[in-house]
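J.: Just dropping this structure here.
The values are calculated or read from the model by the stated rules, or taken from the named source; none is laboratory data. Since we're looking at a predicted model, the values are computed, not measured. We place every Cβ from the backbone using ideal geometry, glycine too, and count neighbours over all the protein chains shown.
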Amino acid sequence: MFSRVRNFLNRHRRKFIVTGVVFGTLYLLMNYAQKKLREWQEREAKRFFEMTRKKQHFESTERTCNQTILSLSKIVSESIFNILNTEEIVLKLQENPENKLGLWEQMKIMIFTRMCVLVYALSILQVTLRVQLNIIGGYLYRDSVHEEEPLIDSELQAKYLSLCHHFVG
């Protein structure tokens with residue numbers, strides 16, 4: 001019985017060797033393909049998490065910027081209303097003076113000036129704040145990702161943001 005098996009194996013030795021090589025090669029190729037697929041999935045997951053992290057950081061910076069603009073725009077508006085005050089002219093008009101037409105012209109000019117200054121000042125405030133906060137946010141994000149020495153320290157951040165505070169005050 002063993003001799004029959006040995007004869008069978010000897011007669012078909014090449015077939016067994018070729019079949020073994022084919023299956024061995026397929027096994028190695030499958031392992032290689034799975035390894036490459038896992039590496040690709042890990043790279044894609046890492047890229048996705050990095051992209052999500054960037055997006056969250058940007059959205060957080062935008063929320064902070066919007067809140068800051070809202071709070072500072074009230075201060076700027078109040079400053080402009082105090083500087084270009086029309087209440088004095090209204091009080092004079094209520095007294096029924098002789099130069100009513102001149103006071104109305106003066107009030108129209110004052111209101112138009114106030115509107116123009118408000119639009120201009122709030123636009124400058126918004127653009128300046130967005131640029132400043134996004135630049136600082138970009139540096140902070142870069143510093144959080146790279147473990148090197150920070151490119152921008154808190155003192156420089158404070159100086160940079162004080163420029164906009166100077167505009168408001």
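J.: Considering only region 47-69, state which residues are under 8 Å from the mean Cα position of the chain (by Cα) and not hydrophobic (A, V, I, L, M, F, W, C).
T.: Residues of region 47-69 that are under 8 Å from the mean Cα position of the chain (by Cα), as a first pass: 54-62.
Passing the criteria: LYS54, LYS55, GLN56, HIS57, GLU59, SER60, THR61, GLU62.
J.: Here is a check on your reading of the model: is ARG114 in a helix (DSSP H, G or I), over 25 Å from GLU59 (Cβ atoms) and among the basic types (Lys, Arg)? Walk me through how you get there before you give the answer.
T.: Values: in a helix (DSSP H, G or I): yes; over 25 Å from GLU59 (Cβ atoms): yes; among the basic types (Lys, Arg): yes.
Spelling it out, ARG114 is indeed in a helix (DSSP H, G or I), over 25 Å from GLU59 (Cβ atoms) and among the basic types (Lys, Arg).
Here is a yes/no grid of residues against (1) of a type in the set (Val, Ile, Thr); (2) in contact with a helix residue (DSSP H, G or I) (Cβ under 7 Å, 6 or more places away or on another chain):
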{"residue": "LYS100", "(1), (2)": "no, yes"}
{"residue": "ILE111", "(1), (2)": "yes, no"}
{"residue": "ALA121", "(1), (2)": "no, yes"}
{"residue": "THR128", "(1), (2)": "yes, yes"}
{"residue": "ASN134", "(1), (2)": "no, yes"}
{"residue": "ARG142", "(1), (2)": "no, no"}
{"residue": "GLU155", "(1), (2)": "no, no"}
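J.: Does LEU101 satisfy the condition of being surrounded by 11 or more Cβ atoms within 10 Å (Cβ to Cβ) and either at pLDDT below 95 or part of a helix (DSSP H, G or I) (or both)? Give the steps one after another, and end with the answer.
T.: Values: surrounded by 11 or more Cβ atoms within 10 Å (Cβ to Cβ): no; either at pLDDT below 95 or part of a helix (DSSP H, G or I) (or both): yes.
No; evaluated as a whole, the condition is false for this residue.
J.: Of all residues in region 143-169, which are part of a helix (DSSP H, G or I) and either in contact with an Asp or Glu (Cβ under 9 Å, 6 or more places away or on another chain) or loosely packed, with under 12 Cβ neighbours inside 10 Å (or both)?
T.: So the first thing to find is which residues in region 143-169 are part of a helix (DSSP H, G or I), and the list is 143-145, 154-168.
Within region 143-169, ASP143, SER144, VAL145, SER154, GLU155, ALA158, LYS159, SER162, LEU163, HIS165, HIS166 qualify.
J.: Enumerate the pairs (first residue in region 89-101 and touching a residue at least 40 places away in the same chain (Cβ under 8 Å) and more than 15 Å from ILE111 (Cβ to Cβ); second residue anywhere and surrounded by 11 or more Cβ atoms within 10 Å (Cβ to Cβ) and not hydroxyl-bearing (Ser, Thr, Tyr)) with beta-carbon separation below 8 Å, excluding pairs fewer than 6 apart on the same chain, so at least 6 apart or on different chains.
T.: none
J.: Just to be sure before I move on: is PHE81 of a type outside the set (D, E, K, R), at pLDDT below 85, surrounded by 12 or more Cβ atoms within 10 Å (Cβ to Cβ) and part of a helix (DSSP H, G or I) in the structure I sent?
T.: Numbers: of a type outside the set (D, E, K, R): yes; at pLDDT below 85: no; surrounded by 12 or more Cβ atoms within 10 Å (Cβ to Cβ): yes; part of a helix (DSSP H, G or I): yes.
It is false that PHE81 is of a type outside the set (D, E, K, R), at pLDDT below 85, surrounded by 12 or more Cβ atoms within 10 Å (Cβ to Cβ) and part of a helix (DSSP H, G or I).
J.: Checking the condition charged (D, E, K, R) and touching a residue at least 24 places away in the same chain (Cβ under 8 Å), which residue from LYS54, LYS46 passes?
T.: Details: LYS46 fails: touching a residue at least 24 places away in the same chain (Cβ under 8 Å).
After ruling out the rest, the residue left standing is LYS54.
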